[in-house]
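Read the structure below first, then the notes.
The values are calculated or read from the model by the stated rules, or taken from the named source; none is laboratory data. Note that this is a predicted model, so its numbers are computed, not measured. Neighbour counts are summed over all protein chains in view; Cβ atoms, including those assigned to glycine, are modelled from backbone coordinates with ideal geometry. To get the accessible areas, we keep the full protein, side chains included, count just its heavy atoms, and leave off ligands, DNA and RNA. Shrake-Rupley method; radii C 1.70, N 1.55, O 1.52, S 1.80 Å.
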Amino acid sequence: MREPVQERAAGFARHILRRETHSPRSAASFIAAILVAAIALYCMLETVLSGLGQPTWFISPGRAMQWVADLPGDAPRLLLGAAGLLLALVGLIFFCHGVLPGRRARHVLRHPRVAIVVDDEVVASALAKTARMSAGVTREQVMVVVSARQVQVIVRPTSGIPLMEERIQAAVEARLNAMSLDPVPSVSVKLAESGVVGV
């Protein structure tokens, strides 16, 4: 009896974690639906007006189809190129929204009983503190960028004090492993070429 309950709870937790780490597609779907509905309603209205022998609002569907068939005709090439580029850009945006995973800037902390989601900014702050303590530098000398698959640590050393990238990377990786992130990003440490004058 307990196994189905535990399976349902695990499935519910997976659903919650996916919802919190992936951006919804509702906005793009709503915009696409509004555009398609508006075009369909306009075509229907112009068809009804044309069928009743009334003057059209803008252009009759037959004339619009004929205009498209006659392109490029005498239309300005620059205007056609700009319109084609704009349509291609809109299509690319909708295509990317439909194909790409749309991850939010969040990671999951693995835990056997609780579903935990943490913002990448929080992870970056914790890793920046670890890198700062390992390098012995101030807060302003460390910058950490966290993405879904990679952690980039940039350290500006104090002039005259050498730093070891391997030591900083080992400390950051140890802290990252202790967090139990899912997915686990790789760590890249880089020392800036320009140093900071120590106080």
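Modelled this way, with points 7 Å down the Cα-to-C-beta line, the labels at VAL90 and GLN150 are 3.5 nm from one another.
Would you please state which residues of segment 138-160 a label at MET179 would reach in this model, taking the label point 7 Å out along Cα→Cβ and a backbone N cut-off of under 17 Å? From segment 138-160, the list is 142-155. Averaged per residue, segment 23-99 has 80 square angstrom of accessible surface, using a 1.4 angstrom probe with ligands and nucleic acids left out. Distance between the modelled labels on LEU191 and PHE58, one decimal in nanometres: 6.3 nm (7 Å Cα→Cβ projection). What a 1.4 Å probe finds exposed on segment 106-191 is 51% carbon and sulfur by accessible area, rounded to a whole percent.
Length available on full extension from GLU166 to SER29: 0.36 nm per residue minus the Cα-Cα distance, which gives 44.6 nm.
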